[in-house]
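The block underneath contains the structure these notes are about, expressed in structure tokens.
The values are calculated or read from the model by the stated rules, or taken from the named source; none is laboratory data. None of these values were measured; they are calculated from a predicted model. As a convention, Cβ positions derive from the backbone with ideal geometry for all residues, glycine included, and neighbour counts pool all protein chains shown.
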Amino acid sequence: MSSLADKLDALTSVGELSEAQPGGAVRCYACGHRCLIRPGKRGICQVRSNQNGELRVPWGYVAALQVDPIEKKPFSHVLSGSDALTFGMLGCDFHCGYCQNFFTSQAMRDPQSEESVNYIRKISPEQIVQAARRSRAQVVVSSYNEPLITSEWAVAIFRQAQQAGLKCAYVSNGNATPEVLRYLRPYLSAYKIDLKTMQDRAYRQLGGVLQNVLDTIRLVHELGLWLEIVTLVVPGFNDSTGELLDAARYIASVSPQIPWHVTGFHPDYKMTDAPATNADTLLRAAEIGEEAGLQYVYAGNLPGRTKNYESTFCPHCRTLLVERRGYTILGYFITAQGTCPKCSTAVPGVWTAQPETVRLGGMGIPYLARF
Ligand code: SF4
């Protein structure tokens, strides 16, 4: 057994998102894989395991703890200009070849990520909330690895965060189950989902199933959580006009008010032969989103090169509502009631009731959190 496995197995608690099966097996339903795990075995994510007929799940540590601009998640309709105290653990239920966090997400799967053992720091939910307060963050976010597979630990943190008046959010691949979404619902204010492709075959190469992600998008919206969707546009993988149109039409069929972020890819991990996404491709993707009827389309990862697609405009009268460049807010014009200042159209999202406090300018860059 590796030192990483030893360490992770020591940092566990009893899982709540499971049911007992005959022969000491357990069925985990923290994610759409719904693994049947026999005694002594691990689930597909490698970080949830069956020990003596009991599901053990990650607990009591972070592998990353950082203060990020909320725009980096990306959320463009959640407390714009605020900071998000973001924590991540280890492991993932997918194995995307272009993962930008593979050292943490592919722990226990890829020998290259063995050194992620050095990132592990024991911590309590109280210390995480303290770190959020110290950094004046308004939101606590589970991200960097797939949060669904560590949902029990996230809920332990979110309970404390809510009591401290903080909002909570997930940045997720969307491979959820109705059970885990209902488990999370009382604690979450916002949910970001990656819609990586509209081809089931391509999803299976990444370790997922398209329909699970589409169903999660619909259910997250129906549960009343604020939802934003991201598609990382990878040249040659998902950048055809037909596929982008399919994605945008699906989102619009759930609600045209769901923001869609089309973001630029840069070569990473195992996908180093595809070129970086250029600005023309992102602009084409954003125009496709609008053509499909989406009211809020954003182009990300190429600051200053995607016309007006970093900022928020009123879909009714085209008044500028939030002016952005990269992760920096340059102007904020939404009213305290969350409406357009010119035509009073309600702007969907989670907005501050004190618009005069929104931080303008600033570096718009992440920094490590202290605890
Ligand atoms: S979180 Fe998903 S991959 Fe991990 S054990 Fe549970 S069902 Fe399997």
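Some points to look at:
- Only residues that are modelled with pLDDT of 95 or more, in contact with a Pro (Cβ under 6 Å, 6 or more places away or on another chain) and more than 23 Å from residue 290 (Cβ to Cβ) were counted in the range 333-367, giving 2.
- Restricting the range 1-32 to residues that are under 24 Å from residue 121 (Cβ atoms) and β-branched (Val, Ile, Thr), the residue that is farthest from the ligand (Cβ to nearest atom) is 14.
- Residues of the range 345-371 that are more than 21 Å from the chain's Cα centre (by Cα) and among the aromatic types (Phe, Trp, Tyr): 371 alone.
- Considering only residues in the range 129-143 that are under 17 Å from the mean Cα position of the chain (by Cα) and not in a loop (DSSP other than H, G, I, E, B), the one that is nearest to residue 62 (Cα to Cα) turns out to be 142.
- Of the criteria (1) over 27 Å from residue 300 (Cα atoms); (2) more than 16 Å from the ligand (Cβ to nearest atom); (3) touching a Gly at 6+ places or on another chain (Cβ under 8 Å), which one residue 177 fails: (2)
- Apart from one condition, residue 370 fits all of (1) basic (Lys, Arg); (2) farther than 30 Å from residue 124 by Cβ; (3) at pLDDT below 95; the exception is (2).
- Checking residue 108 against (1) in contact with a helix residue (DSSP H, G or I) (Cβ under 8 Å, 6 or more places away or on another chain); (2) at negative phi; (3) within 14 Å of the ligand (Cβ to nearest atom); (4) in the same structural domain as residue 235 (by TED's automatic domain parsing), the condition it does not meet: (2)
- Residue check, residue 35 within 9 Å of the ligand (Cβ to nearest atom) and touching a residue at least 40 places away in the same chain (Cβ under 8 Å): no
- Residue 170 falls short on exactly one of the conditions (1) within 16 Å of the ligand (Cβ to nearest atom); (2) buried (at least 24 other Cβ atoms within 10 Å of the Cβ); (3) over 13 Å from the mean Cα position of the chain (by Cα); (4) not in a loop (DSSP other than H, G, I, E, B), and that condition is (3).
- Residue 85 being touching a helix residue (DSSP H, G or I) at 6+ places or on another chain (Cβ under 7 Å), away from the ligand (no atom under 16 Å from the Cβ), closer than 22 Å to residue 156 by Cα and assigned by TED's automatic domain parsing to the domain that holds residue 118: yes
- Of the residues making up the range 285-303, those that are in contact with an Asp or Glu (Cβ under 8 Å, 6 or more places away or on another chain) and more than 21 Å from residue 317 (Cβ to Cβ) are 285, 299, 300, 303.
- Of all residues in the range 324-342, those satisfying the criterion of being surrounded by 21 or more Cβ atoms within 10 Å (Cβ to Cβ) and either under 25 Å from the mean Cα position of the chain (by Cα) or charged (D, E, K, R) (or both) are 324, 327, 329, 332, 334.
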